[in-house]
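Heads up: the structure comes next, in structure tokens.
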Amino acid sequence: MFRVRRVLLWWFACALVWPVGFRHTLSAEPLGQAAAEEDLRAKARRIHDRAITLDSHVDIAGAQYATPQLDPGTDHPRLKCDLVKMAAGGVDGVFLAAFVPQQARDADGYRRAYQTAMEKISAIRRLATTMYPDRCELATTPDEVERIAAGGKRAIMIGIENGYAVGTDLSNVGRFYDLGVRYITFCHNGHNQLCDSCNPAPTLGDQEAEHRGLSPLGRQVVAEMNRLGMMIDVSHAAPSSFRDVVALNATVELVRRGYTAEAIAKIWGGNLLRVWREVQATAVRQRCEVVPPRILGIFGGMGPEATANLYREIVRLTRASKDQDHIPTLIYSFPQVPDRTAAIQNRDRSIVPYLVEGVSRLERAGASLIVIPCNTAHYFYDDMQQAVQIPIIHMIRETADAVVARHPGCKTIGLLATSGTIQSGLYEKEFRARGLSVVLPDRLRCRWSMPPGCWPKPPSGHTPSSCCGQPRSRVGMDIASRLCPSTEP
């Protein structure tokens, strides 16, 4: 069986030769030393010759790559990897990477990033299909890699470094795939529209964390790459991004099929062709088999009407023409969870076991992800997320991200919420982390701002459409007036 080695065994052999040679020098046996070194080199060569040796990442030098000015068919002094060096070193194949540096996340930035990626992909394809088809060949499957290597050619594969090149158009993933791209590195130095990087770029306005892992678009890209059978490279990704990818990608399929943690680590850690085959096989099964649907879990009861309202909205907003089009959903209503506002104010952590029990029950019941329609419960979000392996959607962060995406010019946010939500500071924290200021209603008008049906009930004489004796629309207009002085009262 072919085995893949990223690092040439030659260097390993040389590392072993040194102590052998040193020992024989001390014993004044130069002839024995030379023989031992030659035997070791010969053994290393035999192992190397039986293996398929791949380099999983070599950046190309711009659109001029694979032209007479920068010819990878020669032993070019500017290139650390070319066809001549690959043949001399016994490297059978290489993933040539179309690197796209991180820049501004606006329409012009995305356009230029996509153009850069396409120019470099064209250059890589030009090498294999136009310049040197007799010496190398484009490979898009593991079987093609083995066939090309067996025929004495170099296998050329394509990757993209930095998902910034995808822009905001999910269909670009399919376009890259059709051109032969078989992996995408999700980010580079700086957060992008898909995920957080482990190296934020302050010069681009990056905070320490922006999406807290994958963005909503990033999750869609993971799903699309899984569908197509593309590998996901998490180099440069923040730990939170890495965890989100692992929760969504083909590794979950390996777990479902009974692979142990040690086996999965071996797959990801040492055998690129096997990883590639697993990803492709998973994509085929997902397209051709009846795959159990992902199940949404709703942890509710805080309060019950908010839970019911969320589910009504999910049903209303789902594009469905028949029952089977709706989202499989588990609802666990647990009204006995103690009061969240009191727990926050009193720094009382006795509430945590109740919350952990709620999300754990949904996980055991088969939920794929969890949403919690209670603002103040998110004060204990980290406790709940650490207790389960499935992702919990952070409602407040998602809201803040949506506001920023839909209103890019907005600088100040008016917040109408219960006193408990305001006192928790949850929304203020998330909006301020995104560079937005928050305007709050005065204490009088937020004494009661809970919707009808939630505990406690509104004071006597108040109707569902009023708040502290004022029409709720008027409360909202006061907030709008403080944001925009020109607004009519």
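No value in this document is a laboratory result; all are computed from the given coordinates. Quantities reported herein were computed from a predicted structural model and do not represent experimental measurements. Note: ideal-geometry Cβ built from the backbone for every residue, glycine included; neighbour counts use all protein chains shown.
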Kindly write out, for segment 171-186 in residue order, the coupling ³J(HN,Hα) from the Karplus curve 6.51 cos²θ - 1.76 cosθ + 1.60 (θ = phi - 60°), rounded to whole Hz, with x marking Gly and Pro.
-> 5, 5, 4, x, 5, 5, 4, 4, 8, x, 5, 10, 8, 10, 7, 5
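Under the definition of Cα pairs under 8 Å and six or more residues apart, what whole-number percent is the relative contact order of segment 296-393? Please report the intermediate quantities before stating the final value.
Values: 136 pairs, mean separation 35.7, N = 98.
About 36 percent, as a whole number.
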Under the Karplus relation with 6.51, -1.76 and 1.60 and θ = phi - 60°, whole-Hz ³J(HN,Hα) for segment 333-340, x at Gly and Pro, equal 8, 10, x, 6, 4, x, 4, 6
Please give the length that would be gained between Ala308 and Lys429 if that part of the chain were fully extended, namely 0.36 nm times their separation in residues minus their C-alpha to C-alpha distance (nm, one decimal).
-> 40.8 nm
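If r is the Cβ-Cβ distance from Gln386 to Ser235 and R0 is 22 Å, what FRET efficiency results, to the nearest 0.05?
Details: r = 26 Å, r/R0 = 1.16.
Approximately 0.30, to the nearest 0.05.
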In Hz, Karplus ³J(HN,Hα) per residue of segment 108-113 (6.51, -1.76, 1.60; θ = phi - 60°; x = Gly, Pro) = 5, x, 5, 4, 5, 5
Under-5 Å amide H pairs with Asp233, H placed in peptide plane, nonlocal only | Ile184, Thr185, Phe186
Please sort 180-190, 342-352, 150-160, 423-433 by packing, taking for each peptide the average over its residues of neighbouring beta carbons within 10 angstrom, highest first.
-> 180-190, 150-160, 423-433, 342-352
Note: Leu415 to Ile393 extended length (0.36 nm per residue) minus current alpha-carbon separation gives 5.9 nm
For segment 408-426 and segment 320-378, write down the distance between their C-alpha centroids in whole Å.
-> 22 Å
Could you list which residues have their amide H under 5 Å from that of Asp55, counting only those 5 or more apart in sequence or on another chain, with H placed in the peptide plane?
-> Gly93, Val94, Phe95
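Expressed in nm to one decimal, what extension gain is obtained for the pair Asp323 and Arg45 from 0.36 nm per residue of sequence separation less their Cα-Cα distance? Show your work: numbers first, answer last.
On the way: separation 278, 0.36 × 278 = 100.08 nm, distance 6.26 nm.
That works out to 93.8 nm of additional length.
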